[in-house]
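Each remark here refers to the structure printed beneath this line.
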Amino acid sequence: MTADMRRSPGPSPADPRVVGGLDYSIDHHVPGAWHLRLVRSDVAAGRVVDIDTTGVESDVTIITPADVAAYGTFGCQIADQRVLAAEPKFAGDPVVAVVAPTPEAAREAAASIQLDYDEAHGVFNEFEAATASAPLVHTSHASASGDAAYFAMRPLDGTNVCHRFRIRTPELRGYDEPELIRELPPLDDATMSDAFAGSDIVVEETFRTPAAAHVPMEPHATTAQWVDGRLEVITGTQTPFNLRQDLAALFGLDPADVRVVAPAMGGSFGAKTFMRTEAITAVAAAFTGKPVRCVLDRDEVFSEVTRHASTVWMRMGATREGRFVAKQMVAYVNTGAYADCGPGVAQKLGYAGVGPYRFDHVAVDSYCTYTNLPPAGAFRGYGAMQSAWASERLVDMLAGELHIDPVELRRMNLLRDGDAFCTGEIMHDTHFEELLDDAAKAVAWNDGRDGKGVAIILKGMQTPSRAEVAIHALPDGRFEVRSATADMGQGAPEALTRMAADVLGVPPEHIVVPPPDTDLAPYDTRTTSSRSTHMMSRALAAAADDLRANGTVGHGRIVNDGGLDPDTGTGVASSHWHQGAAAAHVDVDDETGIIDVRSLYATSYAGRVVHRAAAELQNEGSMIMSLGTALFEELTYVDGQLVNPNLSEYNIASALDGATIHHRLLETPGAEVHGLGETAVPPVPPALGNAVASLGYHPCRLPMTPERVLASRVHPRQEAP
Amino acid sequence: MSWHMPTTVDEVLRLKASKPDATVVAGGTFLGLVIRQGLLDSDEWISLQNVDELRAFGTAGDLSAGAMVTHRRIETEPAVRRDWPGVAEAFGVVASPRVRNVATIGGVLADADYASDPPAMLVASRAVAEVASVRGMRRVPIEELIVGHYETELDDDEIITRVLVPRPTGSAAYRKLRTRSREDRPAVSVAAVRETGGVRVVVGAVSDRPRHYPDICAEWRPGDEQSTREVAAAYADRIPCLDDGRGSAEYRRQVVSVEVRRALMQVSR
Amino acid sequence: MKITLSVNDRSVDVDVAPSTMLVDVLRDELGITSARATCGVGLCGTCTVLLDGRPVSSCLLMAPLAIGKRITTVEGLPDDDAVVRCFSERHAFQCGFCIPGMVLTARDMIDTGRANTPEEIREGLGGNLCRCGCYVKIVDAIEEAAR
């Protein structure tokens, strides 16, 4: 019955995604698979002292922390996570796994298991976690050895700080921070006062962003099985090769004995990166000797991985004429119970917070701290959103103090080709001024600026990184493009098809792009940070050349060197800069605090566009997601317990919310291909925030709920005459 | 496990009386939610899906809607839009068209969810529920039907069979204030219905049940700004507001005074 | 209990508990994967199916409530359906997970004459969420299909 209910592949031009013809991870069924459910900790910190399994039926396999004690730790940047937690570190940490023949039996068994705890005090706030007296989430810090640990970790032993990233421009090299800064140091500090000495005006403020949820429509869905001593995992993931490496390390296997197949994802936005449910599912398959399937419930997805909450202190000085002199920033990102890629987020937040501007002096200290909240990891816009919120709001505060138009003030200080960024790298291919002017024009900036705001950002691409692709000439004359670039809805197969057709000089119908399979595809760093279209466009050109030279198979390999010294912030932050601006026009109901978005615009530098519809959708999608970030998305924790793990209590933007967006892709014919997956994410909240601020409010905290907007009113409301 | 599909109200009532633990299913939206969350399962279900008389609908005198009449019908029926515009509006802003296609007027009252839109408007409109059991039928004003969070004064063997809304004699306003997505449920809702010699103001979504204070309403002088402000302030003072993700108690109190004032201004015209 | 359902104009017999939701019957018993349970609270619309032509949340609909009604999933729309064609041609999707539900909601909107303006279409899409944020192109596609 199953097959004949499906639409038969006919001549219909319908896209499979439109008619339900595309199989996602959740649709992959391996015959005979058993079902995994996780029993999760109710407490945010403590030790499990008893696991009562007396109510569980005999045909259910139960896996406890003691059963998996022999497995080591894992984690993409810091090896701090175990397959199951005997000492849970957040409410929701998996403690016991049950595996049963049916999903219902697994659910029933999981519900019948009782856990007893020796509960401990938790710590939840990112900067409270950094105090000397805070309870330690982890007692030691162990850097991971995999490719995702692409810079040296700088933990502070004996604290919850698992990484410190800092930037010191040359004249500030002598300036060392106290081990932990819990607030912006006063300006009379000798070195910093020198840095700001040339400033006539100095502004400073604290900005906050909360934890948020990715809400991919498809939950995490993984199937694992062992076939002749090899591990095979079918899972929606943006990081097939990182996952293969981490799974191999966990099981003591040669990476070649782990196969990761990544079907199309029903959304990810960073939620399906690095090790998620794959470790425990593979372990369960080993325990039962059967294929095992694990599909998370929606409330579990909410705590599987989140966006980093952050607190950013920032200070900026300028001359009376408006020339930027110095910037100082101290930031804390809340990485939750496990570091995941939090160190990388702290780093990217650190340099993105400097913004696309020239400064004489820059000092950044960005700390990644553990807390007893669900782990935070990759999230569309990755650090840049949190610090752009701070830096672009602060530019408007400075403009207010200087009585200079905010657009003019930005224009005076923008980075241009040949300027040095705070990292020492020389900027190239800059388009900031054009983006700024375009954004300002979109809201008729010159016709009065009440209710209007702009913001402009730069955002790095994963650097260093490596991309490889293989083109196989098929006997029927078509070409198969094998790569590990994952399809999460961004249009990867279409982009690869078009780019391959272009470099091979054949029609797109002659190109076949199978889903990533680490047994077939060559290595690729991962599908993140809007790097894939850019990197793959170059790798494909090399592969086509190789194919022409060598016959049936062509290999292309592109390596982007660079990276930053996490101690000084010098080096190459990004080989290629994502550049974007946004503008907003709003009304604020001064009695209820409700923001009415009259118009929201984003403009992103696109270079050469490969697939127009997909490029537009990435820009629109980034704006819609960021609109939610700006106005209402927030994970709310009470004593470490998430109180809104569903779409009724955690809203995401609807068609009505996004009714007034419009946007532009700034193109340069013949230019390099630029990634676009998240460029429009960071500038949207500060553009909206600056628009709100122009009406007499001072929003510093996201999301800008009506209540917070009212509370941020600068002057008492004037009664209408 | 049984799924009963009676075809008459009498049959439903007999079943309900003989199986007090059975769960009555109307549109099934709210039940679907609680079943999915693992909060409810049942061995006996009494489904109203085939009881045609519960879909009876009339607008000749009072608006008369059988318990199984959907939100969508009330929202879109031309006679309701013309003669009970406030009622049509309150039903038309519930959740999504998809939910309104199945959610019923009986269901929304029996659930007594504090953040639902229709109850406040039905209270303001002096709506009455007909409640039946094998013991007979009685009429309960909606104002008395909903007594707390998810709590009604229905007895175990009773079901709502019909809702009657008198023909309005004055204008009505329904204000739904959302603090998050445009599809969020209300943080504050206000229903105001003018009637001969006065107004009924009911505030929903801020406490366990719709709040109506006739003594405060009696102080209102239509079109008078001062008394409008005083009524609004008195509502804000009197209502015990709750805290949730849509707003703190303090914010709600502040906004109740704004929205009550705006609703009264709307019905002044 | 044994029930008979009409799915995409075919009569099918299934044996389910009364509290089984329709989406699970479609996916697990009938292999129709276009209806997808996502939010579990009736707010996102990825589980949308048509019941006698009107959209409902199949993740919250107890299967017996569909007895005697026509259930239509996106697989049951005709091959030349204008909504399907316009969504495809206008590339009104990214990951696609929510799209079958959007298509069915749009079908109803057009059939009942409620897709006349972009504003009306956005209103009608209430309860169909797209986390990829494809609304601009979705609204365009529905507007075109309605013509």
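So here's what we get for this one:
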{"read-out": "Residues (acidic (Asp, Glu) and open to solvent by less than 20 Å² (accessible area, probe 1.4 Å)) located in segment A:613-657", "value": "A:GLU620, A:GLU633"}
{"read-out": "Filter pass, B:ARG98 being more than 16 Å from B:VAL165 (Cα to Cα), modelled with pLDDT under 95, out of contact with any Leu (no Cβ under 9 Å at 6 or more places or on another chain) and not aliphatic (A, V, I, L, M)", "value": "yes"}
{"read-out": "All strands (runs of 3 or more DSSP E) inside segment A:216-335 with 2 or more residues being within 30 Å of A:GLY355 (Cα to Cα) and without any contact (Cβ under 8 Å) to a residue 24 or more places away in the chain", "value": "none"}
{"read-out": "Checking B:LEU33 against (1) more than 25 Å from the chain's Cα centre (by Cα); (2) part of a helix (DSSP H, G or I), the condition it does not meet", "value": "(1)"}
{"read-out": "Out of A:ALA70, A:ALA109, sole residue that is farther than 26 Å from A:PRO135 by Cα, open to solvent by 20 Å² or more (accessible area, probe 1.4 Å) and out of contact with any helix residue (DSSP H, G or I) (no Cβ under 9 Å at 6 or more places or on another chain)", "value": "A:ALA70"}
{"read-out": "Tally, over segment B:18-55, of residues that are surrounded by 15 or more Cβ atoms within 10 Å (Cβ to Cβ) and away from every other protein chain (no Cβ under 12 Å)", "value": "6"}
{"read-out": "Close pairs from segment B:204-221: first part of a loop (DSSP other than H, G, I, E, B), partner among the charged types (D, E, K, R) and crowded, with 21+ Cβ neighbours inside 10 Å, Cβ under 6 Å, at least 6 apart", "value": "B:VAL206/B:ARG252"}
{"read-out": "Residues that are away from chain B (no Cβ under 14 Å), without any contact (Cβ under 8 Å) to a residue 40 or more places away in the chain, part of a helix (DSSP H, G or I) and out of contact with any strand residue (DSSP E or B) (no Cβ under 8 Å at 6 or more places or on another chain), drawn from segment C:117-139", "value": "C:PRO118, C:VAL139"}
{"read-out": "Enumerated strands (runs of 3 or more DSSP E) restricted to segment A:384-494, each holding at least 1 residues that are in contact with an Asp or Glu (Cβ under 9 Å, 6 or more places away or on another chain) and over 27 Å from A:ASN690 (Cβ atoms)", "value": "A:465-473, A:479-482"}
{"read-out": "Matching residues in segment A:635-688 - criterion: being more than 11 Å from every other protein chain (Cβ to nearest Cβ), of a type in the set (Ser, Thr, Tyr) and out of contact with any helix residue (DSSP H, G or I) (no Cβ under 9 Å at 6 or more places or on another chain)", "value": "A:TYR637, A:THR668"}
{"read-out": "Residue ID - surrounded by the fewest Cβ atoms within 10 Å (Cβ to Cβ), chosen from residues in segment A:179-203 that are modelled with pLDDT of 95 or more and out of contact with any Gly (no Cβ under 6 Å at 6 or more places or on another chain)", "value": "A:ASP200"}
{"read-out": "Residue ranges of strands (runs of 3 or more DSSP E) in segment A:75-170 with at least 2 members farther than 22 Å from A:MET275 by Cα and either in the same structural domain as A:GLY377 (by TED's automatic domain parsing) or not aromatic (Phe, Trp, Tyr) (or both)", "value": "A:114-119, A:161-168"}
{"read-out": "In segment A:565-587, residue farthest from A:ASP365 (Cα to Cα) [restricted to those that are in contact with a Leu (Cβ under 6 Å, 6 or more places away or on another chain) and crowded, with 21+ Cβ neighbours inside 10 Å]", "value": "A:ALA584"}
{"read-out": "Given (1) at pLDDT below 95; (2) open to solvent by less than 40 Å² (accessible area, probe 1.4 Å), number of the condition A:PHE479 does not satisfy", "value": "(1)"}
{"read-out": "Any chance A:THR53 is of a type outside the set (Asp, Glu) and within 18 Å of A:GLY377 (Cα to Cα)", "value": "no"}
{"read-out": "Answer residue from segment B:180-203, given it is open to solvent by 10 Å² or more (accessible area, probe 1.4 Å) and assigned to a loop (DSSP other than H, G, I, E, B) and is nearest to B:ALA232 (Cα to Cα) among those", "value": "B:GLY197"}
{"read-out": "Candidate set: segment B:245-260, residues that are out of contact with any strand residue (DSSP E or B) (no Cβ under 8 Å at 6 or more places or on another chain), more than 8 Å from every other protein chain (Cβ to nearest Cβ) and in contact (Cβ under 8 Å) with a residue 12 or more places away in the chain; chosen: the one least open to solvent (accessible area, probe 1.4 Å)", "value": "B:ARG246"}
{"read-out": "Strands (runs of 3 or more DSSP E) contained in segment C:1-94 and holding at least 3 residues at the interface with chain A (Cβ under 8 Å from one of its Cβ atoms), of a type in the set (Val, Ile, Thr) and in contact with a helix residue (DSSP H, G or I) (Cβ under 9 Å, 6 or more places away or on another chain)", "value": "none"}
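The values are calculated or read from the model by the stated rules, or taken from the named source; none is laboratory data. On a predicted model such as this, the values are computed, not experimentally measured, just so you know. Note that each Cβ is placed from the backbone with ideal geometry, even for glycine, and that neighbours are counted across all protein chains shown. For the accessible areas, the whole protein counts, side chains as well, though only heavy atoms, and no ligand, DNA or RNA atoms are used. Shrake-Rupley method; radii C 1.70, N 1.55, O 1.52, S 1.80 Å.
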